[in-house]
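What follows is a set of notes on a single structure, which appears directly below.
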Amino acid sequence: MSELVYEDGYGQVTIRDLLARAHVTKPTFYRLFAGKEDCFASAYDEAATGLLTALATAAAARGTRLELVCRVLQTFVEVVVRYPEGSYLGLLETLSVGAAATARMRRTEDELVGLAVRSFAATDDPVALPGRVGQGVIAGVGRLARERLKERPEAFRDDIDELAHWVLSITDPEVEGLADLRIDRAECRRGGSRFDGGLRLPMSEERALLIRSTIGLAADVGYEPLSARAIAAAAGLSRRDFDAEFDGVEDCLTRALEVGTVTVVAEVRSAFEAAPDWAHGIHRAIEALCAFFVSEPGMTRLTFVEAFVPGRAVTRRGSTILTALARLLRDRMPSDLPLGAVSAEASVGAIFTLLRKQVDSGVIADIPCLAPTLAWLVLSPSIGGPAAIAVLDDARRPDRARR
């Protein structure tokens with residue numbers, strides 16, 4: 001299963017392929033597995049158990065935070081490089097299989113976060129790592145692994161030094177100061193609607209109505225029940241109007257995500273450029289990003305939920321908004337700051353995962369509560385932990401931040 005998925009993707013694998021590759025008979029296969037998805041689940045469990053065991057062993061040795069990060073990263077990178085089939089199955093292909101497989105992946109992520117939090121607390125220079133930052137560590141490293149698995153797995157070894165810098169930066173002891181910057185739920189919701197614009201739809205009225213209809217229906221009932229006829233009816237148009245604008249529901253969904261990307265990047269750019277310096281601009285940009293997602297719950301569900309339904313042609317488009325955001329902010333970074341391409345990719349992966357987990361919780365209104373942590377994930381690798389906390393603390397005092 002691992003070999004075939006790595007070569008052709010889960011969707012192309014058949015029972016006949018599995019029997020031929022494994023040199024077993026059909027009765028033997030069905031004595032062991034209920035079907036193709038059950039076989040995939042077993043392959044995933046084997047890969048996940050092997051990874052967790054290897055990382056737990058690496059993390060168990062005593063030492064400093066630096067030694068912990070170097071040992072565990074080295075172990076993880078070698079697992080990915082030496083066993084690309086199992087790594088690809090576990091890190092990339094799981095999202096295309098189904099809800100049960102995705103739930104397995106989420107449980108593995110939670111186990112890794114728990115291992116990270118416990119390990120940093122047990123070093124010779126311990127850090128009480130907030131759970132969300134622990135999630136960020138796992139998500140950022142995972143994003144880099146996924147990118148390398150799609151291209152050239154052995155290139156992952158070249159990322160170790162910068163990736164170690166990134167992990168050490170976001171687990172700097174100053175991270176404990178995030179607890180003092182926590183935004184309570186009431187404050188979060190009061191400040192969560194600063195995005196007063198709407199989706200920018202510079203297009204025909206019919207096209208705009210259909211995109212709005214798709215976003216609204218996807219938020220209410222999900223993607224699966226949607227049809228061109230239902231979208232057109234909700235927009236007060238005919239099926240013929242829909243067909244004149246889009247090549248199907250997938251095409252309409254893709255265009256909706258593109259519209260969301262254009263709107264949020266413009267909003268984030270405006271917030272960033274109004275700040276007195278780059279670091280405060282990062283914080284304001286993150287706040288604007290959070291406010292956008294709160295104000296546009298339909299687009300939020302499309303970005304973090306519906307775009308990742310298994311088998312969808314736009315499965316990998318969900319991170320388009322954050323990729324565009326990372327490019328925007330990195331292009332404006334002062335030349336003397338050390339955030340490289342690897343760190344930028346890791347920060348994007350961490351931010352996306354924390355936002356996705358918040359959306360999964362069903363409480364989109366609380367997204368602004370994440371803003372200090374999300375900003376920390378970009379600022380600490382760029383300007384260091386103490387300076388990052390100072391910026392975040394300063395941002396809580398509007399009169400000082402304006403100066």
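Within region 242-274, count every residue that is without any contact (Cβ under 8 Å) to a residue 24 or more places away in the chain and either within 22 Å of the chain's Cα centre (by Cα) or buried (at least 17 other Cβ atoms within 10 Å of the Cβ) (or both). Of the residues in that region, 1 qualify. Residues of region 70-82 that are touching a residue at least 40 places away in the same chain (Cβ under 8 Å) and among the hydrophobic types (A, V, I, L, M, F, W, C): Cys70, Val72, Leu73, Phe76, Val77, Val80, Val81.
Any residue that is at pLDDT below 90, in contact with a Ser or Thr (Cβ under 6 Å, 6 or more places away or on another chain) and among the small types (Gly, Ala, Ser) - is there at least one of those in region 223-240? No, region 223-240 has no match at all. If you scan region 127-145, which residues turn out to be surrounded by fewer than 17 Cβ atoms within 10 Å (Cβ to Cβ) and touching a residue at least 24 places away in the same chain (Cβ under 8 Å)? Residue satisfying the conditions is Ala128 alone.
The residues in region 361-386 that are more than 23 Å from Ser295 (Cβ to Cβ), aliphatic (A, V, I, L, M) and either open to solvent by less than 40 Å² (accessible area, probe 1.4 Å) or not in a helix (DSSP H, G or I) (or both) can be counted, and the count is 1. So Ala54 ticks every box in (1) modelled with pLDDT of 95 or more; (2) under 19 Å from Arg104 (Cα atoms); (3) within 22 Å of the chain's Cα centre (by Cα) but one. Which box is left unticked? All conditions pass for Ala54, except number (3). A single entry from Glu46, Glu3, Glu85 fulfils the requirement of being under 19 Å from Met105 (Cβ atoms), part of a helix (DSSP H, G or I), charged (D, E, K, R) and in contact (Cβ under 8 Å) with a residue 60 or more places away in the chain: Glu85. For region 288-303, the count of residues that are open to solvent by 50 Å² or more (accessible area, probe 1.4 Å) and either free of Cβ contacts under 8 Å to residues at least 24 places away in the same chain or closer than 26 Å to Ser382 by Cβ (or both) is zero.
Scanning region 7-17 for residues that are closer than 23 Å to Lys150 by Cα and surrounded by fewer than 19 Cβ atoms within 10 Å (Cβ to Cβ) yields Glu7, Asp8, Gly9, Gly11, Gln12, Thr14, Asp17. Would you check if Ser295 is among the polar types (S, T, N, Q) and at pLDDT 90 or above? Criteria not met by Ser295. Taking the condition surrounded by fewer than 19 Cβ atoms within 10 Å (Cβ to Cβ) and modelled with pLDDT of 90 or more, does Asp158 pass? Yes: the conditions hold for Asp158.
Against the definition (surrounded by 21 or more Cβ atoms within 10 Å (Cβ to Cβ) and either polar (S, T, N, Q) or farther than 25 Å from Leu374 by Cβ (or both)), how does Glu46 come out, yes or no? Judged against the criteria, Glu46 is not a match.
Are any residues in region 221-241 among the β-branched types (Val, Ile, Thr) and more than 28 Å from the chain's Cα centre (by Cα), and if so, which ones?
Passing the criteria: only Ile231.
Tell me, yes or no, whether region 19-33 has at least one residue that is touching a residue at least 24 places away in the same chain (Cβ under 8 Å) and either in a helix (DSSP H, G or I) or open to solvent by less than 60 Å² (accessible area, probe 1.4 Å) (or both). No, region 19-33 contains no residue that is touching a residue at least 24 places away in the same chain (Cβ under 8 Å) and either in a helix (DSSP H, G or I) or open to solvent by less than 60 Å² (accessible area, probe 1.4 Å) (or both). A Cβ distance below 6 Å, combined with a sequence gap of six or more or placement on separate chains, defines the contacts here; from region 108-121, residues that are over 13 Å from Leu52 (Cβ atoms) and at pLDDT 95 or above reach residues that are open to solvent by less than 40 Å² (accessible area, probe 1.4 Å) and of a type outside the set (Ser, Thr, Tyr) in the pairs Val117/Leu129; Val117/Gly134; Phe120/Val127; Phe120/Leu129.
The values are calculated or read from the model by the stated rules, or taken from the named source; none is laboratory data. None of the values given here were measured: they were computed from a predicted structure. Here the Cβ is made from the backbone with ideal geometry for all residues, glycine too, and neighbour counts use every protein chain on show. These area figures cover heavy atoms from the full protein model, side chains too; ligands, DNA and RNA do not enter into them. Shrake-Rupley method; radii C 1.70, N 1.55, O 1.52, S 1.80 Å.
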